[in-house]
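Every read-out reported here was derived from the displayed coordinates using simple, explicitly stated rules and does not represent laboratory data. Note that this is a predicted model, so its numbers are computed, not measured.
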Amino acid sequence: MRRKKCFDWEQAFHFIWQNAGRDGIWQGNAASLAKEFDDLEDEAESVLDELRERRLIEKLDARTYFLSKWRETEDTHCNEE
């Protein structure tokens, strides 16, 4: 029997942040989040809802989320001389 990893919105956000693409897009959903934390999909959906309520992520479609406060990397800026 596998042991459940309890998780909250902070842990979920950390996981999403770490797994987002360079553009701040996370290709995932409640099922993939539940699988990562060995939890129920309903619980993962509730955590995603909380992240949306906190305006940390935005749902683009069924399997795509955008991180609202995504960091800009240095290589995205134009170098002015």
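For the stretch 55-61, the Karplus equation 6.51 cos²θ - 1.76 cosθ + 1.60, evaluated at θ = phi - 60°, returns couplings of 6, 8, 9, 10, 7, 8, 7 Hz by residue, with Gly and Pro reported as x.
On full extension, the segment bounded by Ile25 and Leu40 gains 3.1 nm, given 0.36 nm per residue less the C-alpha separation. In this structure, the amide hydrogen of Ile57, modeled 1.01 Å from its nitrogen in the peptide plane, lies closer than 5 angstrom to those of Arg52, Ser68, counting only residues at least 5 positions away or on a different chain.
3J(HN,Hα) along the stretch 45-53: 5, 5, 5, 5, 4, 5, 5, 5, 4 Hz, from the Karplus curve 6.51 cos²θ - 1.76 cosθ + 1.60 with θ = phi - 60°, whole Hz, x for Gly and Pro.
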